[in-house]
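A short worksheet on the structure shown next.
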Amino acid sequence: MVDTKIVFYEVEDWVRSYLKEHGFEDDKVVLIAEPLREDNAYEAAEAEVVSVFVYSFVDKRVLDKLSAVRLIATRSTGYDHIDLKECKRRGITVSNVPRYGENTVAEHAFALILALSRKLKPAVFKINQLKFDLEGLRGFDLKDKTLGVIGAGAIGLHSIRIGRGFGMRVLAFDKYPQPILAEVLGFEYAPLERVLGESDVITLHVPLVKDTYHLINMDTIHQIKRGAILVNTSRGAVVQTEALVVALDVGILSGAGLDVLEGEESIKEEAQLLSDTLPVEKLRAIVRSYALLHRDNVIITPHVAFYSAEAERRIIDTTIDNINSFLEGSPRNIVKPA
Ligand code: NAI
(Lines give C-alpha, C1' and ligand atoms only; values in the text may rest on other atoms or scores of the structure.)
Protein backbone atom coordinates (compact mmCIF):
# COMPACT_ATOMS: atom_id res chain seq x y z
CA MET A 1 0.00 0.00 0.00
CA VAL A 2 1.29 3.43 -0.96
CA ASP A 3 1.13 5.83 1.99
CA THR A 4 2.26 9.05 0.34
CA LYS A 5 0.01 11.87 -0.86
CA ILE A 6 -0.02 11.88 -4.64
CA VAL A 7 -1.75 14.36 -6.94
CA PHE A 8 -2.41 13.52 -10.60
CA TYR A 9 -3.16 16.42 -12.95
CA GLU A 10 -4.62 16.15 -16.50
CA VAL A 11 -6.10 12.76 -15.76
CA GLU A 12 -9.36 10.97 -16.57
CA ASP A 13 -11.55 9.46 -13.88
CA TRP A 14 -11.07 5.78 -14.86
CA VAL A 15 -7.55 6.07 -13.47
CA ARG A 16 -8.92 6.23 -9.90
CA SER A 17 -10.08 2.60 -9.74
CA TYR A 18 -7.01 1.45 -11.65
CA LEU A 19 -4.74 3.14 -9.09
CA LYS A 20 -6.74 1.58 -6.27
CA GLU A 21 -6.21 -1.88 -7.78
CA HIS A 22 -2.50 -1.05 -7.67
CA GLY A 23 -2.39 -0.15 -3.98
CA PHE A 24 -2.97 3.60 -4.15
CA GLU A 25 -5.69 4.24 -1.55
CA ASP A 26 -8.41 6.81 -2.36
CA ASP A 27 -7.58 9.05 0.58
CA LYS A 28 -3.98 9.36 -0.58
CA VAL A 29 -4.70 10.19 -4.21
CA VAL A 30 -6.17 13.36 -5.69
CA LEU A 31 -7.16 13.39 -9.37
CA ILE A 32 -7.55 16.71 -11.15
CA ALA A 33 -8.73 16.88 -14.76
CA GLU A 34 -7.05 20.22 -15.56
CA PRO A 35 -3.36 20.76 -16.17
CA LEU A 36 -1.24 21.89 -13.22
CA ARG A 37 -1.13 25.69 -13.10
CA GLU A 38 -0.13 28.33 -10.61
CA ASP A 39 -3.78 28.82 -9.61
CA ASN A 40 -4.53 25.14 -8.88
CA ALA A 41 -1.13 24.09 -7.56
CA TYR A 42 -2.42 24.58 -4.00
CA GLU A 43 -4.18 21.21 -4.41
CA ALA A 44 -0.72 19.61 -4.42
CA ALA A 45 0.88 21.83 -1.81
CA GLU A 46 1.37 18.88 0.55
CA ALA A 47 1.92 16.17 -2.04
CA GLU A 48 5.26 14.40 -2.20
CA VAL A 49 4.49 13.08 -5.67
CA VAL A 50 2.88 15.07 -8.47
CA SER A 51 2.05 13.47 -11.81
CA VAL A 52 1.41 15.63 -14.89
CA PHE A 53 0.99 15.47 -18.66
CA VAL A 54 2.30 17.79 -21.36
CA TYR A 55 -0.04 20.75 -20.87
CA SER A 56 1.16 21.30 -17.29
CA PHE A 57 3.97 23.85 -17.43
CA VAL A 58 6.04 23.13 -14.36
CA ASP A 59 8.14 26.25 -13.96
CA LYS A 60 9.68 28.08 -11.06
CA ARG A 61 6.44 29.80 -10.08
CA VAL A 62 4.50 26.53 -10.01
CA LEU A 63 7.31 24.79 -8.12
CA ASP A 64 7.19 27.54 -5.48
CA LYS A 65 3.68 26.32 -4.61
CA LEU A 66 4.65 22.64 -4.37
CA SER A 67 6.52 22.83 -1.12
CA ALA A 68 6.52 19.11 -0.28
CA VAL A 69 7.10 17.64 -3.74
CA ARG A 70 9.94 15.12 -4.13
CA LEU A 71 8.96 13.49 -7.44
CA ILE A 72 7.35 14.90 -10.57
CA ALA A 73 6.23 11.95 -12.66
CA THR A 74 5.32 13.13 -16.13
CA ARG A 75 3.15 10.70 -18.06
CA SER A 76 4.78 11.67 -21.33
CA THR A 77 7.99 10.88 -23.15
CA GLY A 78 8.86 14.56 -23.64
CA TYR A 79 9.67 16.76 -20.67
CA ASP A 80 10.16 20.18 -22.23
CA HIS A 81 7.16 21.37 -20.15
CA ILE A 82 9.21 20.91 -16.95
CA ASP A 83 12.02 23.19 -15.78
CA LEU A 84 14.51 20.40 -15.11
CA LYS A 85 17.28 22.71 -13.94
CA GLU A 86 15.04 24.28 -11.33
CA CYS A 87 13.88 20.82 -10.20
CA LYS A 88 17.48 19.71 -9.85
CA ARG A 89 18.35 22.83 -7.86
CA ARG A 90 15.50 22.02 -5.46
CA GLY A 91 16.38 18.33 -5.22
CA ILE A 92 13.17 17.24 -6.99
CA THR A 93 13.38 14.06 -9.07
CA VAL A 94 11.66 13.99 -12.47
CA SER A 95 10.63 10.77 -14.22
CA ASN A 96 9.06 10.17 -17.63
CA VAL A 97 7.58 7.37 -19.76
CA PRO A 98 10.23 6.68 -22.38
CA ARG A 99 8.20 4.19 -24.44
CA TYR A 100 4.49 3.49 -24.56
CA GLY A 101 3.06 3.58 -28.02
CA GLU A 102 5.38 3.05 -30.93
CA ASN A 103 2.89 0.73 -32.64
CA THR A 104 0.03 3.04 -31.57
CA VAL A 105 1.42 6.06 -33.43
CA ALA A 106 2.37 3.96 -36.48
CA GLU A 107 -1.17 2.52 -36.60
CA HIS A 108 -2.56 6.06 -36.61
CA ALA A 109 -0.19 7.00 -39.43
CA PHE A 110 -1.73 4.11 -41.38
CA ALA A 111 -5.24 5.25 -40.44
CA LEU A 112 -4.37 8.54 -42.16
CA ILE A 113 -2.68 6.79 -45.10
CA LEU A 114 -5.71 4.55 -45.71
CA ALA A 115 -8.11 7.45 -45.25
CA LEU A 116 -6.29 9.20 -48.08
CA SER A 117 -5.64 6.22 -50.33
CA ARG A 118 -9.33 5.17 -50.13
CA LYS A 119 -10.72 8.72 -50.13
CA LEU A 120 -12.62 8.20 -46.91
CA LYS A 121 -13.22 11.88 -46.21
CA PRO A 122 -15.18 12.65 -49.41
CA ALA A 123 -16.78 9.16 -49.32
CA VAL A 124 -18.21 9.69 -45.84
CA PHE A 125 -19.25 13.23 -46.72
CA LYS A 126 -21.08 11.95 -49.79
CA ILE A 127 -22.94 9.16 -48.02
CA ASN A 128 -23.92 11.52 -45.20
CA GLN A 129 -25.77 13.47 -47.91
CA LEU A 130 -27.36 10.21 -49.14
CA LYS A 131 -25.43 10.41 -52.41
CA PHE A 132 -24.53 6.97 -53.74
CA ASP A 133 -22.51 7.77 -56.88
CA LEU A 134 -18.78 7.02 -56.92
CA GLU A 135 -17.62 10.18 -58.61
CA GLY A 136 -14.29 11.34 -57.22
CA LEU A 137 -13.95 8.34 -54.92
CA ARG A 138 -11.54 6.08 -56.82
CA GLY A 139 -8.67 5.25 -54.49
CA PHE A 140 -5.43 3.37 -54.96
CA ASP A 141 -3.93 0.15 -53.60
CA LEU A 142 -1.03 0.25 -51.18
CA LYS A 143 0.22 -3.12 -52.42
CA ASP A 144 3.27 -2.75 -54.65
CA LYS A 145 3.51 1.00 -53.94
CA THR A 146 6.60 2.53 -52.33
CA LEU A 147 6.43 3.74 -48.75
CA GLY A 148 8.99 6.35 -47.71
CA VAL A 149 9.67 6.42 -43.99
CA ILE A 150 11.53 9.49 -42.76
CA GLY A 151 12.95 8.69 -39.34
CA ALA A 152 13.23 4.94 -38.85
CA GLY A 153 13.28 4.91 -35.04
CA ALA A 154 10.85 3.24 -32.66
CA ILE A 155 7.70 4.48 -34.45
CA GLY A 156 9.15 4.51 -37.95
CA LEU A 157 10.14 0.84 -37.66
CA HIS A 158 6.54 -0.08 -36.82
CA SER A 159 5.39 1.88 -39.89
CA ILE A 160 7.90 -0.10 -41.93
CA ARG A 161 6.57 -3.37 -40.49
CA ILE A 162 2.97 -2.39 -41.24
CA GLY A 163 3.88 -1.15 -44.72
CA ARG A 164 5.61 -4.43 -45.48
CA GLY A 165 2.44 -6.19 -44.28
CA PHE A 166 0.50 -4.30 -46.95
CA GLY A 167 2.95 -5.56 -49.57
CA MET A 168 4.69 -2.22 -50.00
CA ARG A 169 8.31 -1.68 -50.96
CA VAL A 170 9.87 0.47 -48.24
CA LEU A 171 12.60 3.10 -48.44
CA ALA A 172 13.78 4.79 -45.25
CA PHE A 173 15.82 7.87 -44.49
CA ASP A 174 17.49 8.04 -41.08
CA LYS A 175 20.47 9.92 -39.72
CA TYR A 176 21.76 6.71 -38.13
CA PRO A 177 20.99 3.75 -40.41
CA GLN A 178 21.15 0.26 -38.90
CA PRO A 179 21.73 -2.18 -41.78
CA ILE A 180 20.73 -5.21 -39.71
CA LEU A 181 17.21 -3.76 -39.29
CA ALA A 182 16.91 -3.24 -43.03
CA GLU A 183 17.84 -6.87 -43.59
CA VAL A 184 15.44 -8.24 -40.96
CA LEU A 185 12.44 -6.03 -41.86
CA GLY A 186 13.08 -6.06 -45.61
CA PHE A 187 13.55 -2.38 -46.42
CA GLU A 188 16.26 -0.19 -47.89
CA TYR A 189 17.94 2.91 -46.48
CA ALA A 190 18.25 5.76 -48.97
CA PRO A 191 19.17 9.46 -48.95
CA LEU A 192 16.29 11.89 -48.36
CA GLU A 193 16.20 13.00 -51.98
CA ARG A 194 15.69 9.43 -53.20
CA VAL A 195 13.05 8.65 -50.57
CA LEU A 196 11.09 11.75 -51.56
CA GLY A 197 11.57 11.09 -55.27
CA GLU A 198 10.51 7.42 -55.32
CA SER A 199 7.80 7.16 -52.64
CA ASP A 200 4.07 7.11 -53.33
CA VAL A 201 3.38 7.49 -49.62
CA ILE A 202 5.68 9.49 -47.34
CA THR A 203 5.36 9.22 -43.57
CA LEU A 204 7.31 11.42 -41.16
CA HIS A 205 8.65 9.98 -37.89
CA VAL A 206 11.64 12.19 -37.04
CA PRO A 207 11.80 14.20 -33.81
CA LEU A 208 11.62 17.97 -34.10
CA VAL A 209 15.23 19.11 -33.77
CA LYS A 210 17.27 21.81 -35.49
CA ASP A 211 18.04 19.53 -38.47
CA THR A 212 14.43 18.48 -38.99
CA TYR A 213 12.76 21.89 -38.60
CA HIS A 214 10.97 22.48 -41.95
CA LEU A 215 12.51 19.32 -43.41
CA ILE A 216 9.68 19.49 -45.91
CA ASN A 217 10.10 23.01 -47.29
CA MET A 218 9.92 25.09 -50.49
CA ASP A 219 13.03 23.31 -51.83
CA THR A 220 12.40 19.73 -50.77
CA ILE A 221 8.79 19.67 -52.05
CA HIS A 222 10.27 19.76 -55.55
CA GLN A 223 12.04 16.46 -54.85
CA ILE A 224 8.73 14.71 -54.06
CA LYS A 225 7.33 12.22 -56.60
CA ARG A 226 4.39 13.89 -58.33
CA GLY A 227 1.06 12.82 -56.82
CA ALA A 228 2.48 11.31 -53.60
CA ILE A 229 0.67 11.57 -50.29
CA LEU A 230 2.34 12.94 -47.16
CA VAL A 231 1.47 11.94 -43.61
CA ASN A 232 2.80 13.73 -40.54
CA THR A 233 2.40 12.28 -37.06
CA SER A 234 5.74 13.63 -35.79
CA ARG A 235 5.70 17.36 -35.02
CA GLY A 236 3.99 20.16 -36.96
CA ALA A 237 7.10 22.21 -37.60
CA VAL A 238 8.83 19.36 -39.45
CA VAL A 239 6.68 20.53 -42.37
CA GLN A 240 6.69 24.15 -43.53
CA THR A 241 2.95 24.77 -43.85
CA GLU A 242 3.40 27.25 -46.66
CA ALA A 243 5.30 24.64 -48.69
CA LEU A 244 2.64 22.04 -47.96
CA VAL A 245 -0.07 24.34 -49.32
CA VAL A 246 1.96 24.98 -52.49
CA ALA A 247 2.64 21.24 -52.93
CA LEU A 248 -1.09 20.50 -52.68
CA ASP A 249 -2.05 23.42 -54.92
CA VAL A 250 0.25 22.45 -57.79
CA GLY A 251 -0.37 18.70 -57.51
CA ILE A 252 3.05 17.67 -56.19
CA LEU A 253 1.08 16.10 -53.37
CA SER A 254 -2.27 14.47 -54.05
CA GLY A 255 -3.15 14.42 -50.36
CA ALA A 256 -1.96 15.04 -46.83
CA GLY A 257 -2.78 13.48 -43.48
CA LEU A 258 -1.79 15.56 -40.48
CA ASP A 259 -2.00 14.63 -36.81
CA VAL A 260 0.22 17.56 -35.91
CA LEU A 261 0.17 21.15 -37.14
CA GLU A 262 2.71 23.92 -37.05
CA GLY A 263 1.87 26.19 -34.11
CA GLU A 264 -0.64 23.77 -32.55
CA GLU A 265 1.10 24.00 -29.16
CA SER A 266 -0.14 27.62 -28.94
CA ILE A 267 -3.80 26.77 -29.34
CA LYS A 268 -5.12 24.22 -26.93
CA GLU A 269 -8.19 26.43 -26.57
CA GLU A 270 -10.05 28.61 -29.08
CA ALA A 271 -9.52 31.70 -26.90
CA GLN A 272 -5.77 31.44 -27.37
CA LEU A 273 -6.22 32.28 -31.05
CA LEU A 274 -7.26 35.75 -29.97
CA SER A 275 -4.34 36.22 -27.62
CA ASP A 276 -2.26 39.35 -28.22
CA THR A 277 0.88 37.47 -27.29
CA LEU A 278 0.67 34.94 -30.13
CA PRO A 279 3.55 35.72 -32.55
CA VAL A 280 2.31 36.71 -36.01
CA GLU A 281 4.43 34.02 -37.72
CA LYS A 282 2.80 31.33 -35.55
CA LEU A 283 -0.67 32.72 -36.18
CA ARG A 284 0.05 32.68 -39.91
CA ALA A 285 1.09 29.01 -39.80
CA ILE A 286 -1.99 28.12 -37.75
CA VAL A 287 -4.35 29.91 -40.12
CA ARG A 288 -2.67 28.25 -43.12
CA SER A 289 -3.01 24.83 -41.48
CA TYR A 290 -6.67 25.24 -40.64
CA ALA A 291 -7.38 26.61 -44.09
CA LEU A 292 -6.49 23.10 -45.30
CA LEU A 293 -9.43 21.63 -43.41
CA HIS A 294 -11.98 22.20 -46.16
CA ARG A 295 -10.00 20.23 -48.73
CA ASP A 296 -11.23 16.75 -49.64
CA ASN A 297 -7.65 15.50 -49.95
CA VAL A 298 -6.47 16.71 -46.54
CA ILE A 299 -7.36 14.93 -43.33
CA ILE A 300 -6.44 16.43 -39.97
CA THR A 301 -6.67 14.81 -36.54
CA PRO A 302 -6.11 16.68 -33.25
CA HIS A 303 -2.77 15.18 -32.12
CA VAL A 304 -4.32 11.87 -31.15
CA ALA A 305 -1.88 9.40 -32.68
CA PHE A 306 -0.71 8.30 -29.22
CA TYR A 307 -4.23 8.07 -27.81
CA SER A 308 -5.39 4.46 -27.64
CA ALA A 309 -6.72 2.54 -24.65
CA GLU A 310 -3.70 0.25 -24.65
CA ALA A 311 -1.16 3.06 -24.90
CA GLU A 312 -2.89 4.96 -22.11
CA ARG A 313 -2.79 1.84 -19.94
CA ARG A 314 0.93 1.42 -20.66
CA ILE A 315 1.52 5.08 -19.71
CA ILE A 316 -0.24 4.63 -16.36
CA ASP A 317 1.53 1.30 -15.71
CA THR A 318 4.95 2.88 -16.25
CA THR A 319 4.00 5.90 -14.13
CA ILE A 320 2.87 3.63 -11.27
CA ASP A 321 6.15 1.78 -11.59
CA ASN A 322 8.08 5.08 -11.61
CA ILE A 323 6.30 6.24 -8.44
CA ASN A 324 6.73 2.93 -6.61
CA SER A 325 10.38 2.57 -7.54
CA PHE A 326 11.01 6.16 -6.41
CA LEU A 327 9.26 5.58 -3.06
CA GLU A 328 11.24 2.36 -2.60
CA GLY A 329 14.47 4.29 -3.10
CA SER A 330 15.49 2.93 -6.52
CA PRO A 331 13.98 5.44 -8.98
CA ARG A 332 13.53 4.45 -12.62
CA ASN A 333 13.18 6.47 -15.84
CA ILE A 334 14.78 9.56 -14.34
CA VAL A 335 15.35 12.55 -16.60
CA LYS A 336 18.05 15.10 -15.93
CA PRO A 337 18.86 18.52 -17.38
CA ALA A 338 21.15 18.36 -20.44
P1 NAI B 1 12.95 7.69 -31.99
O2 NAI B 1 13.95 8.58 -31.32
O3 NAI B 1 12.86 6.27 -31.60
O4 NAI B 1 13.15 7.76 -33.58
C5 NAI B 1 13.48 8.92 -34.27
C6 NAI B 1 14.39 8.54 -35.44
O7 NAI B 1 14.65 9.72 -36.18
C8 NAI B 1 15.73 7.95 -35.00
O9 NAI B 1 15.97 6.74 -35.70
C10 NAI B 1 16.73 9.02 -35.37
O11 NAI B 1 17.99 8.49 -35.78
C12 NAI B 1 16.03 9.72 -36.54
N13 NAI B 1 16.49 11.08 -36.73
C14 NAI B 1 16.74 12.01 -35.78
N15 NAI B 1 17.14 13.15 -36.36
C16 NAI B 1 17.15 12.93 -37.69
C17 NAI B 1 17.49 13.72 -38.81
N18 NAI B 1 17.91 14.97 -38.66
N19 NAI B 1 17.37 13.17 -40.03
C20 NAI B 1 16.96 11.88 -40.17
N21 NAI B 1 16.65 11.08 -39.15
C22 NAI B 1 16.74 11.61 -37.93
O23 NAI B 1 11.57 8.45 -31.78
P24 NAI B 1 10.11 7.82 -31.93
O25 NAI B 1 9.67 7.24 -30.63
O26 NAI B 1 10.06 7.00 -33.16
O27 NAI B 1 9.24 9.15 -32.13
C28 NAI B 1 9.40 9.98 -33.28
C29 NAI B 1 8.62 11.27 -33.08
O30 NAI B 1 7.22 10.99 -33.11
C31 NAI B 1 8.79 11.91 -31.69
O32 NAI B 1 9.97 12.68 -31.63
C33 NAI B 1 7.58 12.78 -31.59
O34 NAI B 1 7.85 14.03 -32.15
C35 NAI B 1 6.55 12.04 -32.45
N36 NAI B 1 5.46 11.49 -31.65
C37 NAI B 1 4.18 11.88 -31.96
C38 NAI B 1 3.10 11.41 -31.25
C39 NAI B 1 1.71 11.79 -31.61
O40 NAI B 1 0.79 11.53 -30.82
N41 NAI B 1 1.47 12.38 -32.77
C42 NAI B 1 3.29 10.51 -30.09
C43 NAI B 1 4.66 10.12 -29.87
C44 NAI B 1 5.71 10.62 -30.62
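The values are calculated or read from the model by the stated rules, or taken from the named source; none is laboratory data. All of these numbers come straight from a predicted model, not from anything done at the bench. Don't worry about glycine lacking a Cβ; one is built from the backbone with ideal geometry, like all the others, and counts go over all protein chains shown. Ligands, DNA and RNA are stripped out before the accessible areas are found, and what is left, the full protein with its side chains, is counted by its heavy atoms. Shrake-Rupley method; radii C 1.70, N 1.55, O 1.52, S 1.80 Å.
Overview of results
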quantity	calculated
Surrounding net charge for LEU137, when Lys and Arg each add one and Asp and Glu each subtract one, Cβ distance under 9 Å	+2
Amide H partners (placed H, <5 Å) of ALA172, local residues excluded	VAL149, GLU188, TYR189, ALA190
Residue order for GLU135, GLU48, GLU102, GLU107 - accessible surface, 1.4 angstrom probe, largest first	GLU135, GLU107, GLU48, GLU102
Extended-chain gain in nm, criterion 0.36 nm per residue less alpha-carbon gap, GLU328 and GLU310	3.8 nm
Surface accessible to a 1.4 Å probe, SER330 within the full protein complex, Å²	60 Å²
Size of electric dipole in the chain: Cβ of Lys, Arg +1 and of Asp, Glu -1, about Cα centre, debye, nearest 20	840 debye
Net +/- balance of residues flanking HIS222 in space, Cβ distance below 15 Å, scoring K and R +1, D and E -1	-2
MET218 paired with PHE53, simple spin-label distance in nm, labels 7 Å along Cα-to-beta-carbon	3.8 nm
Flagged links, alpha-carbon separation over 23 Å, of LYS85/LYS175; LYS5/LYS60; LYS28/LYS65; LYS65/LYS85	LYS85/LYS175
Table column - 3J(HN,Hα) (Hz), segment 49-55, Karplus curve with 6.51, -1.76, 1.60, x for Gly and Pro	10, 10, 10, 9, 10, 6, 9
Inter-probe distance in nm under a simple model that places probes 7 Å from Cα toward Cβ, at LYS20 and ASP321	2.5 nm
Under 5 Å, built H, 5+ apart or other chain: amide partners of ALA47	ALA68
Separation of the GLU12 and ARG118 label points, Cα + 7 Å toward Cβ, nm	2.4 nm
In sequence order, calculated HN-Hα J values of segment 121-136 (Karplus, 6.51, -1.76, 1.60; Hz; x Gly/Pro)	4, x, 5, 5, 4, 5, 5, 5, 9, 6, 9, 10, 6, 9, 4, x
Interchain or long-range residues, amide H under 5 Å from SER254's placed H	GLY227, ALA228, ILE229
Förster-model FRET efficiency, 25 Å R0, TYR176 and ARG90, C-beta, rounded to 0.05	0.10
Gained length - GLU281 relative to GLU43, 0.36 nm times residue gap less alpha-carbon distance	82.0 nm
Carbon + sulfur, % of accessible area of segment 102-300 - ligands and nucleic acids excluded, 1.4 Å	57 percent
Cβ-based charge dipole, segment 102-300, positive-most Cα from VAL184, TYR290, PRO279	VAL184
Whether the chain is rounded, prolate or oblate, judged on the alpha carbon gyration tensor where a/c under 1.5 counts as rounded	prolate
Between 0 and 90°, nearest 10: helix 309-327 axis offset from the chain longest Cα axis	30 degrees
In sequence order, calculated HN-Hα J values of segment 243-252 (Karplus, 6.51, -1.76, 1.60; Hz; x Gly/Pro)	5, 4, 4, 4, 4, 6, 5, 9, x, 4
Residue (of SER95, LEU196, ALA154) at the positive-pole extreme of the chain, dipole from beta-carbon charges	LEU196
CD proxy at 222 nm, helix term only [per DSSP H run n ≥ 4: -39500 (n - 2.57); per residue of the chain; nearest 500]	-9500 deg cm²/dmol
